Amino acid sequence: MMDDEEIVRLTAWVRGRVQGVGFRWWVRSRALELGLAGTATNLADGRVEVVAEGPRGKCLRLLDLLGADGSGATSGRPGEVTGVTERWSAPRGGAAGFLER
């Protein structure tokens, strides 16, 4: 059984129309509401890389909001997500707040 309070690192690569539409600002706002630390970075290939550290349950909630299933659209998510690839790892710490890059 997974522990929702375990501190983890989520890295998610979000595909779709997610650059130049306020997506990183939106991710930052949701992450801060959830109490997560990390970054949202535009990549040269058009994706946005989201790195978030915090309790597993909160990271899963952020992942749900990012999702390509359209659920995030109901929460005012800008742009259009066509896919999300995720990777879970041990937290590295050191991040303070949540930054757009």
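The table below lists the values:
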{"item": "Failed criterion for Leu34 (all others in (1) more than 16 Å from Cys59 (Cβ to Cβ); (2) in contact with a Lys or Arg (Cβ under 7 Å, 6 or more places away or on another chain) hold)", "result": "(1)"}
{"item": "Selection status of Leu60, among the aliphatic types (A, V, I, L, M) and closer than 18 Å to Glu100 by Cα", "result": "no"}
{"item": "The range 79-101, residues that are assigned to a strand (DSSP E or B) and out of contact with any Lys or Arg (no Cβ under 6 Å at 6 or more places or on another chain)", "result": "Val81, Val84, Thr85, Glu86, Arg87, Trp88, Leu99"}
{"item": "Subset of the range 14-51 (residues that are among the hydrophobic types (A, V, I, L, M, F, W, C) and surrounded by fewer than 19 Cβ atoms within 10 Å (Cβ to Cβ))", "result": "Val21, Trp25, Leu32, Leu34, Leu43, Ala44"}
{"item": "Entirely in the range 7-78, the strands (runs of 3 or more DSSP E) that have 1 or more residues that are at pLDDT 95 or above, touching a Cys at 6+ places or on another chain (Cβ under 8 Å) and under 19 Å from Gly93 (Cα atoms)", "result": "7-17, 48-55"}
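The values are calculated or read from the model by the stated rules, or taken from the named source; none is laboratory data. What you are looking at is a predicted structure, and each value in this text was computed from that prediction instead of being measured. Every residue, glycine as well, gets a Cβ built from its backbone with ideal geometry; the counts of neighbours run over all protein chains shown.
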